[in-house]
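Please treat every number below as a calculation from the coordinates, not as lab data. Just so you know, these numbers come straight off a predicted model, no measurement behind them. Here Cβ is always computed from backbone atoms with ideal geometry, including for glycine, and neighbour counts include all displayed protein chains.
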Amino acid sequence: MKKILIGSDKSGFPLKEVIKEHLSERGYEVCDCGTTDLEEPMGFFIVAPNAAQKIQNKEFERAILICGTGMGMAVVANKYQGVYAAVCENTYAAEKCRAINDANVLTLGGWITGEVAGCAIADKFLETGFTENLEEWRQDFLRNAREKVKEIEASIYR
């Protein structure tokens, strides 16, 4: 996967710009669905739905969303069926949100996460696969759990 969706509100804009450049340098095609001009910023409640709908429609497999704390983006993105957003403040959390929870949206806090850490977190999120580096019994358990979560989700979104 070399195509990634990224977006931010005003509070996440500086970190988003750094991560966007970092990912472009690493060969990713980066599509920005959020604030691109600080004179006309978009709120997290606009950016997160833009991204979530693109994930739902399978235009993108994964997205990175950045607001002040990462929490607003996660709350809104998680309202959409098939979108699993996780707030991560370190590389360990980014690895585990992918390996254990199969998260497809990483959310970061521009007020919380520094530039170097933000790039490392984004890299870990993008490089880790579902059940990667886990014991076989845990992989089986998590694949089953993912299906159960989808069943729960389907019952809610009838």
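Mind checking region 59-143 for trypsin sites (Lys or Arg not before Pro) that DSSP puts in a loop (not H, G, I, E or B) and that have at most 15 other Cβ atoms within 10 Å?
Lys79
In whole Hz, with x marking every Gly and Pro, tabulate ³J(HN,Hα) for region 106-120 from phi via Karplus 6.51 cos²θ - 1.76 cosθ + 1.60, θ = phi - 60°.
With coefficients 6.51, -1.76 and 1.60, one gets 9, 10, 10, x, x, 7, 10, 9, x, 4, 5, 5, x, 5, 5 Hz.
Mind jotting down the distance between the C-alpha centroids of region 51-122 and region 127-158, whole Å?
17
Residue by residue through region 29-35, what is 3J(HN,Hα) from phi via Karplus (6.51 cos²θ - 1.76 cosθ + 1.60, θ = phi - 60°)? Round to whole Hz and write x for glycine and proline.
Using θ = phi - 60°, the values come out as 8, 9, 10, 9, 10, x, 5 Hz.
For the chain, what is the mean residue ellipticity at 222 nm derived from helices alone (per DSSP H run of n ≥ 4: -39500 (n - 2.57); sum divided by total residues; nearest 500 deg cm²/dmol)?
-15000 deg cm²/dmol
I need to check one value: relative contact order of the chain, counting alpha carbon pairs closer than 8 Å and at least 6 residues apart, in percent.
Reported relative contact order: 23 percent.
Calculate log10 I(q)/I(0) of the chain for q = 0.09 Å⁻¹, where I(q) comes from the Debye formula with a single equal point scatterer on each Cα and nothing for solvent.
-0.27
Could you please report the charge total around Lys16, scoring K, R as +1 and D, E as -1 over all other residues with beta-carbon less than 13 angstrom from its beta-carbon?
Taking every other residue near Lys16 into account, the sum is -4.
For Lys10, give me every one of the lysines with a C-alpha distance below 19 angstrom, ignoring sequence neighbours fewer than eight places off in its own chain.
Lys20
Could you order the peptides 47-57, 22-32 from most to least packed, using the average number of other C-beta atoms within 10 Å per residue?
The peptides rank, most packed first, as 47-57, 22-32.
In the Gaussian network model of the chain, springs joining C-alpha atoms below 10 Å, which of Val105, Val83, Val75 carries the largest mean-square fluctuation?
The residue with the greatest mean-square fluctuation here is Val75.
In what sequence do Phe45, Phe130 fall when counting other Cβ within 10 Å, fewest first?
Neighbour counts put them in this order, fewest first: Phe45, Phe130.
Over region 43-131, what is the relative contact order in whole percent, taking alpha-carbon pairs under 8 Å and six or more residues apart?
Normalised by residue count, the contact order of region 43-131 is 31 percent.
Could you give me the ³J(HN,Hα) list for region 84-99, computed from phi with Karplus coefficients 6.51, -1.76, 1.60 and θ = phi - 60°, whole Hz, x at Gly and Pro?
Rounded to whole hertz, the list is 10, 9, 10, 7, 10, 10, 7, 5, 4, 4, 5, 5, 6, 5, 7, 5.
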